[in-house]
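First the structure, in the form of structure tokens, and then the observations on it.
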Amino acid sequence: MDQPTEQSDSRSITGASTASVHAGEQRQRAYDSVTTPIVQTATYTFTDTAALIDYFEGRVEREEYGRYGNPTVRAAESKLAALETDGTIETAALLCASGMNTITTILLAMLPAGSHVIITDDSYRRTRQFVCTMLARLGVNHTIVPVCDYDALESAILPETRLIVSESPTNPYLRILDLPRIVDIAKRHRVKTVIDATFATPYNVRPLTFGVDLVMHSATKYMGGHNDLLAGVVIGRPDMIAALRQAHGILGGVCDPHTAYLLVRGLKTLALRMERHNQNGLHVARFLHEHPCIRQVYYPGLPNHPEHAIAAAQMRGWGGVISFEYDGDLEATGQFIDRLRLPYIAPSLGGVESLVEQPALMSFYELTTEERLAVGIRNNLVRFACGIEDTADLIRDLAQALETTEL
Ligand SMILES: *Cc1c(COP(=O)(O)O)cnc(C)c1O
């Protein structure tokens, strides 16, 4: 079968929704299918030894073995790469089995023994755990700095520092990085930057266009968008992604073709979904901010957020995740969550269904109250990940759950 050829004309892709549908895709697909076919195979055949030699000599572009590539996975990668650029920078993407597999692949590939990495404190807990335990055992040192403290960040840079790893927005407090500032610091010290932009998606911000070296996402969240797949992706300059792809071929955390298909399908509606997630996030945040039973709301779209101005300058929207403190203790907060009827109680975010969790009883369950406080997690903290339900229904549901509260 012929390899698909012509790509969608990038000049005709100007809007975010058009990009979601067409960007990075081959115009003509195998069997003239309008959808990306699922190429469910573990390996690829060579007609004869000459064909094999042609391949290894780089004379033909084709697949060799499933761990090194798959046409469905490549379709997802080329779409993800296209979504992260504004056309001024060349990008490539590497799809991985999960967000965590993406992070571990990047860090294992880029950090030799004796090197040093800086991470920010309000970050995905498993990322921090990987850096503090497994990487440390391999002789990679780290410094954890408070997110958005740029003096602390710059002071933490050592001669052997290779990477600065951060998130924007962060989890669970939705802090926003000043991307030009972090890029400026990193470039002056010849350190590379990796930003986990899972909470933003390229619809809301494209860190590579600010000069960040690598952007990564848990595609499990908004990219897939339907709470039905696990995947991760890293996007950056083609030569950097090629080096990561080599490491990934050894580490082996591949994304299977069916998942890649679901991801391409989910990405078609990324812009549509993000518009609603952003709208729901902002309206729910405003509602909670005004409510007497809520002590504090963390959402970059609110004017009282410490980086509201930076967020407004950098981002198209602020996403669907809101963290807030309920006016009650661990138990009362759980009772409030139990009164909600629309969101499911579950970890994760970014899917069409709203999800709610009390971090103290979810990601941080095994810690004591004191240990949680030490990492900034209060017992009354709630993370609400808006789905794409109607805004009015989400607010009505929150209102009824808060009305029945006995203060
Ligand atoms: C979920 C998440 C991850 C981990 O991704 P998985 O796909 O669950 O492995 C990493 N970073 C952030 C910000 C996340 O929300």
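The values are calculated or read from the model by the stated rules, or taken from the named source; none is laboratory data. Predicted, not measured: the structure shown is a model, and the values here were computed from it. Ideal geometry is used to build each Cβ from the backbone, glycine not excepted, and the neighbour counts take in all protein chains shown.
Residue count for region 226-257, restricted to those that are more than 16 Å from the ligand (Cβ to nearest atom), out of contact with any Leu (no Cβ under 7 Å at 6 or more places or on another chain) and not in a loop (DSSP other than H, G, I, E, B): 8. Against the conditions (1) more than 20 Å from the chain's Cα centre (by Cα); (2) in a loop (DSSP other than H, G, I, E, B), Arg162 satisfies every one except (2). Scanning region 143-164 for residues that are surrounded by fewer than 21 Cβ atoms within 10 Å (Cβ to Cβ) and under 12 Å from Leu177 (Cα atoms) gives Pro146, Asp149, Tyr150. Can you find, within region 200-225, the residue that is surrounded by the fewest Cβ atoms within 10 Å (Cβ to Cβ) among those that are of a type in the set (Gly, Ala, Ser), in a loop (DSSP other than H, G, I, E, B) and under 8 Å from the mean Cα position of the chain (by Cα)? Only one residue tops the list, namely Ala200. Residues of region 72-104 that are β-branched (Val, Ile, Thr) and either within 15 Å of the chain's Cα centre (by Cα) or not assigned by TED's automatic domain parsing to the domain that holds Arg245 (or both): Thr102, Ile103, Thr104.
Test of understanding: among Leu95, Leu52, Leu80, which residue is part of a strand (DSSP E or B) and of a type in the set (A, V, I, L, M, F, W, C)? The conditions single out Leu95. Of the set (1) assigned to a loop (DSSP other than H, G, I, E, B); (2) within 25 Å of Ala219 (Cβ to Cβ); (3) more than 16 Å from the ligand (Cβ to nearest atom), all apply to Ala113 but (2).
Residue count for region 354-389, restricted to those that are out of contact with any Lys or Arg (no Cβ under 9 Å at 6 or more places or on another chain), at negative phi and in a loop (DSSP other than H, G, I, E, B): 6. So for region 22-33 (the condition being farther than 27 Å from Asp228 by Cβ and in a loop (DSSP other than H, G, I, E, B)), does at least one residue qualify? For region 22-33, residues farther than 27 Å from Asp228 by Cβ and in a loop (DSSP other than H, G, I, E, B): present. Based on this model, can you work out whether Thr127 counts as in contact (Cβ under 8 Å) with a residue 60 or more places away in the chain and over 21 Å from the mean Cα position of the chain (by Cα)? Considered against the rule, which asks whether it is in contact (Cβ under 8 Å) with a residue 60 or more places away in the chain and over 21 Å from the mean Cα position of the chain (by Cα), Thr127 comes out as no.
Comparison of Arg181, Arg125 shows that the only residue that is modelled with pLDDT under 95 and either in contact with a strand residue (DSSP E or B) (Cβ under 6 Å, 6 or more places away or on another chain) or surrounded by fewer than 18 Cβ atoms within 10 Å (Cβ to Cβ) (or both) is Arg125. Taking each residue of region 25-40 that is closer than 15 Å to Thr259 by Cβ and not assigned by TED's automatic domain parsing to the domain that holds His258 and looking for partners that are part of a loop (DSSP other than H, G, I, E, B) and at pLDDT 95 or above with beta-carbon atoms closer than 7 Å, six or more apart or interchain, yields Val39/Asn70.
Of all residues in region 116-139, those being within 11 Å of the ligand (Cβ to nearest atom) and touching an Asp or Glu at 6+ places or on another chain (Cβ under 6 Å) number 1.
Surrounded by 24 or more Cβ atoms within 10 Å (Cβ to Cβ), assigned by TED's automatic domain parsing to the domain that holds Ala92 and over 23 Å from Arg67 (Cβ atoms): does that describe Ala197? Judged against the criteria, Ala197 is a match. Count of region 279-298 residues, restricted to those that are outside any strand (DSSP E or B) and buried (at least 21 other Cβ atoms within 10 Å of the Cβ), is 6. Just a yes or no: is a residue in region 307-323 of a type in the set (Val, Ile, Thr), at pLDDT below 95 and either more than 19 Å from Met274 (Cβ to Cβ) or crowded, with 20+ Cβ neighbours inside 10 Å (or both)? No, because not a single residue in region 307-323 is of a type in the set (Val, Ile, Thr), at pLDDT below 95 and either more than 19 Å from Met274 (Cβ to Cβ) or crowded, with 20+ Cβ neighbours inside 10 Å (or both). Could you go through region 331-343 and let me know if any residue there is within 16 Å of the ligand (Cβ to nearest atom) and in contact with a helix residue (DSSP H, G or I) (Cβ under 9 Å, 6 or more places away or on another chain). No, region 331-343 contains no residue that is within 16 Å of the ligand (Cβ to nearest atom) and in contact with a helix residue (DSSP H, G or I) (Cβ under 9 Å, 6 or more places away or on another chain).
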